[in-house]
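Written below as C-alpha coordinates is the structure these notes are about.
The values are calculated or read from the model by the stated rules, or taken from the named source; none is laboratory data. Source: prediction; values computed, not measured. Cβ: placed from backbone, ideal geometry, glycine included. Neighbour counts: every protein chain shown. Protein only, heavy atoms only, side chains kept; ligands, DNA and RNA dropped before computing areas. Shrake-Rupley method; radii C 1.70, N 1.55, O 1.52, S 1.80 Å.
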Amino acid sequence: MSKISFAGAHTALVTPFKDGELDELTLAALIEFQIQGGISGIVAVGTTGESPTLSHAEHRRVIEIAVNVAAKRVLVIAGTGSNATSEAIELTIEAEKLGADAALVVAPYYNKPSPEGLYRHFRMIAEAVSIPIVLYSIPGRCGIEIPVSVVARLAADCPNVLAIKEAGGKVERVHELRASLPKSFQILSGDDALTLPFMAAGAVGVISVASNIIPTEVEELVQSFLKGDLSTTEGLHTRYEDLFRVLFIEPNPVPIKTALAAKGFCRDDVRLPLCEMTDFNKDLLLKTLNSNKLI
(Lines give C-alpha, C1' and ligand atoms only; values in the text may rest on other atoms or scores of the structure.)
Protein backbone atom coordinates (compact mmCIF):
# COMPACT_ATOMS: atom_id res chain seq x y z
CA MET A 1 0.00 0.00 0.00
CA SER A 2 1.61 3.20 -1.18
CA LYS A 3 1.37 6.44 0.73
CA ILE A 4 -0.75 8.99 -1.11
CA SER A 5 -0.65 12.73 -0.75
CA PHE A 6 -4.13 14.23 -0.65
CA ALA A 7 -2.75 17.77 -0.57
CA GLY A 8 -4.79 19.76 -3.08
CA ALA A 9 -8.38 20.12 -4.20
CA HIS A 10 -10.55 17.11 -4.96
CA THR A 11 -13.91 17.58 -6.64
CA ALA A 12 -16.95 15.90 -5.12
CA LEU A 13 -18.28 15.08 -8.56
CA VAL A 14 -21.96 15.18 -9.45
CA THR A 15 -23.55 12.19 -11.15
CA PRO A 16 -25.36 13.43 -14.28
CA PHE A 17 -28.70 11.89 -15.27
CA LYS A 18 -30.67 11.94 -18.51
CA ASP A 19 -34.26 10.72 -18.61
CA GLY A 20 -33.73 9.09 -15.24
CA GLU A 21 -30.66 7.12 -16.31
CA LEU A 22 -26.95 7.60 -15.73
CA ASP A 23 -25.59 9.91 -18.46
CA GLU A 24 -22.23 8.25 -19.11
CA LEU A 25 -21.03 10.56 -21.89
CA THR A 26 -21.68 13.67 -19.82
CA LEU A 27 -20.01 12.10 -16.79
CA ALA A 28 -16.89 11.45 -18.86
CA ALA A 29 -16.95 15.05 -20.14
CA LEU A 30 -17.31 16.43 -16.60
CA ILE A 31 -14.31 14.39 -15.46
CA GLU A 32 -12.23 15.63 -18.39
CA PHE A 33 -13.21 19.22 -17.56
CA GLN A 34 -11.90 18.67 -14.04
CA ILE A 35 -8.62 17.25 -15.25
CA GLN A 36 -8.09 20.04 -17.75
CA GLY A 37 -8.85 22.50 -14.95
CA GLY A 38 -5.88 21.21 -13.00
CA ILE A 39 -7.73 19.51 -10.15
CA SER A 40 -5.76 17.14 -7.89
CA GLY A 41 -8.46 14.50 -7.65
CA ILE A 42 -12.09 13.56 -8.07
CA VAL A 43 -14.48 11.87 -5.68
CA ALA A 44 -16.87 9.54 -7.46
CA VAL A 45 -20.23 8.61 -5.87
CA GLY A 46 -19.92 10.66 -2.75
CA THR A 47 -22.84 12.60 -1.30
CA THR A 48 -22.61 15.12 -4.15
CA GLY A 49 -22.73 12.17 -6.54
CA GLU A 50 -26.12 11.14 -5.11
CA SER A 51 -24.81 7.81 -3.87
CA PRO A 52 -27.92 7.10 -1.76
CA THR A 53 -30.13 6.81 -4.85
CA LEU A 54 -27.75 4.96 -7.16
CA SER A 55 -28.12 1.22 -7.63
CA HIS A 56 -25.07 -0.93 -6.92
CA ALA A 57 -24.61 -1.40 -10.65
CA GLU A 58 -24.68 2.36 -11.22
CA HIS A 59 -22.33 2.90 -8.29
CA ARG A 60 -19.87 0.48 -9.85
CA ARG A 61 -20.21 2.02 -13.30
CA VAL A 62 -19.54 5.58 -12.10
CA ILE A 63 -16.32 4.45 -10.42
CA GLU A 64 -15.33 2.47 -13.52
CA ILE A 65 -15.85 5.49 -15.79
CA ALA A 66 -13.96 7.76 -13.39
CA VAL A 67 -10.97 5.41 -13.28
CA ASN A 68 -10.93 4.92 -17.05
CA VAL A 69 -11.27 8.60 -17.93
CA ALA A 70 -8.82 9.77 -15.27
CA ALA A 71 -6.26 7.25 -16.51
CA LYS A 72 -3.98 8.02 -13.54
CA ARG A 73 -3.83 11.74 -14.41
CA VAL A 74 -5.57 12.62 -11.14
CA LEU A 75 -6.54 10.69 -8.02
CA VAL A 76 -9.85 8.86 -8.08
CA ILE A 77 -11.38 8.56 -4.61
CA ALA A 78 -14.45 6.31 -4.54
CA GLY A 79 -17.27 6.86 -2.07
CA THR A 80 -17.89 3.46 -0.48
CA GLY A 81 -19.52 4.17 2.86
CA SER A 82 -22.65 2.57 4.27
CA ASN A 83 -24.39 2.19 7.60
CA ALA A 84 -23.98 -1.57 7.20
CA THR A 85 -20.38 -2.65 7.69
CA SER A 86 -20.76 -5.64 5.37
CA GLU A 87 -22.03 -3.44 2.55
CA ALA A 88 -19.26 -0.87 3.06
CA ILE A 89 -16.68 -3.66 2.90
CA GLU A 90 -18.24 -5.01 -0.29
CA LEU A 91 -18.28 -1.57 -1.94
CA THR A 92 -14.71 -0.79 -0.90
CA ILE A 93 -13.39 -4.10 -2.19
CA GLU A 94 -15.18 -3.47 -5.47
CA ALA A 95 -13.70 0.04 -5.73
CA GLU A 96 -10.22 -1.38 -5.21
CA LYS A 97 -10.80 -3.98 -7.93
CA LEU A 98 -11.98 -1.25 -10.31
CA GLY A 99 -8.75 0.67 -9.79
CA ALA A 100 -9.75 3.50 -7.47
CA ASP A 101 -6.78 5.15 -5.77
CA ALA A 102 -8.54 5.50 -2.41
CA ALA A 103 -11.92 5.12 -0.74
CA LEU A 104 -13.95 7.78 1.07
CA VAL A 105 -15.88 6.07 3.86
CA VAL A 106 -18.58 8.06 5.63
CA ALA A 107 -19.56 7.47 9.24
CA PRO A 108 -22.54 5.09 9.58
CA TYR A 109 -25.74 7.10 9.46
CA TYR A 110 -29.07 6.53 11.24
CA ASN A 111 -28.00 3.63 13.47
CA LYS A 112 -25.66 5.89 15.57
CA PRO A 113 -23.04 3.39 16.77
CA SER A 114 -20.93 3.90 19.87
CA PRO A 115 -17.27 5.00 19.55
CA GLU A 116 -16.23 1.35 19.86
CA GLY A 117 -18.69 0.36 17.14
CA LEU A 118 -17.32 3.10 14.89
CA TYR A 119 -13.77 1.93 15.49
CA ARG A 120 -14.62 -1.69 14.63
CA HIS A 121 -16.61 -0.60 11.55
CA PHE A 122 -13.76 1.38 10.03
CA ARG A 123 -11.09 -1.10 11.07
CA MET A 124 -12.89 -4.00 9.36
CA ILE A 125 -13.21 -1.97 6.16
CA ALA A 126 -9.56 -0.93 6.25
CA GLU A 127 -8.41 -4.50 6.83
CA ALA A 128 -10.42 -5.76 3.85
CA VAL A 129 -8.44 -3.71 1.31
CA SER A 130 -5.00 -2.29 0.67
CA ILE A 131 -6.02 1.07 -0.84
CA PRO A 132 -5.93 4.17 1.37
CA ILE A 133 -9.02 4.99 3.40
CA VAL A 134 -10.26 8.55 3.90
CA LEU A 135 -12.61 8.75 6.88
CA TYR A 136 -15.59 11.07 6.44
CA SER A 137 -17.09 12.81 9.45
CA ILE A 138 -20.24 14.81 8.69
CA PRO A 139 -22.47 14.90 11.76
CA GLY A 140 -25.11 17.04 10.04
CA ARG A 141 -25.97 14.13 7.75
CA CYS A 142 -25.02 11.17 9.92
CA GLY A 143 -26.22 12.22 13.35
CA ILE A 144 -22.83 11.35 14.85
CA GLU A 145 -19.27 12.64 14.69
CA ILE A 146 -16.25 10.38 14.48
CA PRO A 147 -14.57 11.13 17.83
CA VAL A 148 -11.00 12.39 17.69
CA SER A 149 -10.01 9.46 19.91
CA VAL A 150 -11.41 6.99 17.37
CA VAL A 151 -9.59 8.70 14.50
CA ALA A 152 -6.35 8.46 16.51
CA ARG A 153 -6.89 4.75 17.23
CA LEU A 154 -7.56 4.03 13.58
CA ALA A 155 -4.51 5.99 12.46
CA ALA A 156 -2.38 3.99 14.89
CA ASP A 157 -3.86 0.56 14.16
CA CYS A 158 -4.62 0.70 10.41
CA PRO A 159 -1.69 1.59 8.11
CA ASN A 160 -4.03 2.49 5.25
CA VAL A 161 -6.26 4.90 7.19
CA LEU A 162 -4.44 7.98 6.00
CA ALA A 163 -6.85 10.91 6.05
CA ILE A 164 -10.16 12.37 7.13
CA LYS A 165 -12.66 14.59 5.36
CA GLU A 166 -13.81 16.90 8.13
CA ALA A 167 -17.26 18.37 7.52
CA GLY A 168 -18.39 19.26 11.02
CA GLY A 169 -17.93 22.98 10.50
CA LYS A 170 -15.68 23.55 13.54
CA VAL A 171 -12.19 24.94 13.20
CA GLU A 172 -11.38 23.94 16.76
CA ARG A 173 -11.95 20.28 15.87
CA VAL A 174 -9.30 20.54 13.14
CA HIS A 175 -6.91 21.82 15.81
CA GLU A 176 -7.85 18.85 18.02
CA LEU A 177 -7.33 16.38 15.18
CA ARG A 178 -3.99 17.89 14.24
CA ALA A 179 -2.79 17.78 17.85
CA SER A 180 -3.86 14.14 18.32
CA LEU A 181 -2.63 12.61 15.07
CA PRO A 182 0.77 11.98 13.50
CA LYS A 183 2.04 14.62 11.07
CA SER A 184 1.63 12.16 8.21
CA PHE A 185 -2.15 11.91 8.77
CA GLN A 186 -3.95 14.25 6.40
CA ILE A 187 -7.00 16.42 7.07
CA LEU A 188 -9.25 17.68 4.27
CA SER A 189 -11.92 20.34 4.55
CA GLY A 190 -15.40 19.14 3.64
CA ASP A 191 -16.78 22.64 3.20
CA ASP A 192 -15.63 25.15 0.57
CA ALA A 193 -16.40 28.12 2.81
CA LEU A 194 -14.08 26.73 5.51
CA THR A 195 -11.14 25.65 3.37
CA LEU A 196 -9.02 28.67 4.30
CA PRO A 197 -9.58 28.54 8.09
CA PHE A 198 -9.27 24.73 8.09
CA MET A 199 -5.95 24.89 6.25
CA ALA A 200 -4.77 27.53 8.69
CA ALA A 201 -5.53 24.99 11.42
CA GLY A 202 -3.64 22.18 9.71
CA ALA A 203 -5.70 20.79 6.82
CA VAL A 204 -3.91 20.09 3.52
CA GLY A 205 -6.78 20.63 1.08
CA VAL A 206 -10.46 20.27 0.36
CA ILE A 207 -13.03 17.90 -1.07
CA SER A 208 -14.95 20.58 -2.89
CA VAL A 209 -18.43 21.04 -4.32
CA ALA A 210 -17.71 24.43 -5.90
CA SER A 211 -14.86 22.98 -7.96
CA ASN A 212 -17.46 21.24 -10.11
CA ILE A 213 -17.70 24.63 -11.86
CA ILE A 214 -14.44 26.38 -10.83
CA PRO A 215 -11.79 23.63 -10.57
CA THR A 216 -8.87 25.86 -11.51
CA GLU A 217 -9.75 28.50 -8.94
CA VAL A 218 -10.33 26.08 -6.05
CA GLU A 219 -7.08 24.26 -6.83
CA GLU A 220 -5.26 27.59 -6.91
CA LEU A 221 -6.78 28.56 -3.58
CA VAL A 222 -5.37 25.43 -1.97
CA GLN A 223 -2.00 25.44 -3.71
CA SER A 224 -1.37 29.11 -2.99
CA PHE A 225 -1.87 28.43 0.72
CA LEU A 226 0.46 25.43 0.60
CA LYS A 227 3.09 27.63 -1.05
CA GLY A 228 2.68 30.37 1.54
CA ASP A 229 1.05 32.84 -0.86
CA LEU A 230 -1.66 33.89 1.56
CA SER A 231 -2.66 37.03 -0.33
CA THR A 232 -3.72 34.89 -3.32
CA THR A 233 -5.52 32.44 -1.04
CA GLU A 234 -7.40 35.18 0.77
CA GLY A 235 -8.25 36.92 -2.49
CA LEU A 236 -9.80 33.79 -3.98
CA HIS A 237 -11.64 33.00 -0.75
CA THR A 238 -13.12 36.51 -0.65
CA ARG A 239 -13.96 36.49 -4.35
CA TYR A 240 -15.96 33.27 -4.16
CA GLU A 241 -17.36 33.31 -0.62
CA ASP A 242 -20.84 34.27 -1.88
CA LEU A 243 -20.74 31.37 -4.35
CA PHE A 244 -19.60 28.96 -1.63
CA ARG A 245 -22.56 30.03 0.49
CA VAL A 246 -25.25 30.00 -2.20
CA LEU A 247 -24.31 26.49 -3.34
CA PHE A 248 -25.74 25.26 -0.04
CA ILE A 249 -28.97 27.25 0.24
CA GLU A 250 -30.76 24.01 -0.69
CA PRO A 251 -29.66 20.41 -0.16
CA ASN A 252 -26.48 19.45 -1.98
CA PRO A 253 -26.17 18.60 -4.88
CA VAL A 254 -29.28 20.43 -6.12
CA PRO A 255 -27.67 23.90 -6.37
CA ILE A 256 -24.42 22.70 -7.95
CA LYS A 257 -26.34 20.68 -10.55
CA THR A 258 -28.45 23.76 -11.26
CA ALA A 259 -25.26 25.77 -11.70
CA LEU A 260 -23.77 23.18 -14.04
CA ALA A 261 -26.98 23.18 -16.07
CA ALA A 262 -26.84 26.97 -16.32
CA LYS A 263 -23.36 26.61 -17.81
CA GLY A 264 -24.61 23.96 -20.25
CA PHE A 265 -22.54 21.16 -18.74
CA CYS A 266 -25.33 18.78 -17.80
CA ARG A 267 -29.01 18.62 -16.91
CA ASP A 268 -30.12 19.68 -13.46
CA ASP A 269 -31.94 16.36 -12.98
CA VAL A 270 -31.81 14.86 -9.49
CA ARG A 271 -33.51 11.80 -8.08
CA LEU A 272 -36.24 11.88 -5.48
CA PRO A 273 -36.41 12.59 -2.63
CA LEU A 274 -34.30 15.49 -3.96
CA CYS A 275 -36.10 17.90 -6.28
CA GLU A 276 -35.51 21.13 -8.20
CA MET A 277 -34.73 24.42 -6.45
CA THR A 278 -37.43 26.94 -5.58
CA ASP A 279 -37.70 29.79 -8.06
CA PHE A 280 -36.51 32.30 -5.46
CA ASN A 281 -33.37 30.34 -4.59
CA LYS A 282 -32.64 29.48 -8.20
CA ASP A 283 -32.79 33.16 -9.10
CA LEU A 284 -30.37 33.96 -6.27
CA LEU A 285 -27.98 31.26 -7.47
CA LEU A 286 -28.08 32.46 -11.08
CA LYS A 287 -27.48 36.06 -9.99
CA THR A 288 -24.45 34.91 -7.99
CA LEU A 289 -23.10 32.95 -10.95
CA ASN A 290 -23.60 35.98 -13.17
CA SER A 291 -21.90 38.36 -10.74
CA ASN A 292 -18.90 36.01 -10.72
CA LYS A 293 -18.91 35.93 -14.54
CA LEU A 294 -19.55 32.18 -14.54
CA ILE A 295 -22.56 32.39 -16.87
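Residue pairs whose Cβ atoms lie under 9 Å apart, separated by 6 or more positions or on different chains, with the first residue in the range 53-73 and assigned to a helix (DSSP H, G or I) and the second open to solvent by 30 Å² or more (accessible area, probe 1.4 Å) and among the basic types (K, R), are T53/R271.
When the range 129-157 is filtered for residues that are modelled with pLDDT of 95 or more, open to solvent by 40 Å² or more (accessible area, probe 1.4 Å) and assigned to a helix (DSSP H, G or I), the ones remaining, listed by number, are S149, R153, A156, D157.
Among the residues of the range 251-266, just one is crowded, with 16+ Cβ neighbours inside 10 Å and of a type in the set (D, E, K, R), namely K257. N281 satisfies every condition listed in (1) open to solvent by less than 80 Å² (accessible area, probe 1.4 Å); (2) in a loop (DSSP other than H, G, I, E, B) except (2).
Residues in the range 100-120 that are over 22 Å from V206 (Cα atoms) and among the small types (G, A, S): S114, G117.
Mind listing whichever residues of the range 233-262 are touching a Ser or Thr at 6+ places or on another chain (Cβ under 8 Å) and either more than 17 Å from V218 (Cα to Cα) or not hydroxyl-bearing (S, T, Y) (or both)?
Pass one, the range 233-262, residues touching a Ser or Thr at 6+ places or on another chain (Cβ under 8 Å): 233, 236-237, 242-243, 246, 250, 252-253, 256.
Within the range 233-262, L236, H237, D242, L243, V246, E250, N252, P253, I256 qualify.
Of the residues screened, A167 is one that is closer than 13 Å to A203 by Cα and either open to solvent by less than 10 Å² (accessible area, probe 1.4 Å) or in contact with a helix residue (DSSP H, G or I) (Cβ under 8 Å, 6 or more places away or on another chain) (or both). Cβ separations smaller than 7 Å between residues 6+ apart or across chains give the following pairs from the range 97-118 residues that are within 20 Å of C158 (Cα to Cα) and open to solvent by less than 30 Å² (accessible area, probe 1.4 Å) to residues that are assigned to a helix (DSSP H, G or I) and among the polar types (S, T, N, Q): A103/T92; V105/T92. Looking at (1) assigned to a helix (DSSP H, G or I); (2) open to solvent by 80 Å² or more (accessible area, probe 1.4 Å), which one does F248 not meet, given that it meets all the others? The failed condition is (1). Among the residues of the range 43-64, the ones that are more than 16 Å from V105 (Cβ to Cβ) and open to solvent by less than 10 Å² (accessible area, probe 1.4 Å) come to 2 in all. Residues that are of a type in the set (A, V, I, L, M), part of a helix (DSSP H, G or I) and either without any contact (Cβ under 8 Å) to a residue 24 or more places away in the chain or over 24 Å from P273 (Cβ atoms) (or both) within the range 23-52 comprise L25, A28, A29, I31, I35, listed in sequence order. Scanning the range 78-105 for residues that are assigned to a strand (DSSP E or B) and touching a helix residue (DSSP H, G or I) at 6+ places or on another chain (Cβ under 9 Å) returns A78, G79, A102, A103, V105.
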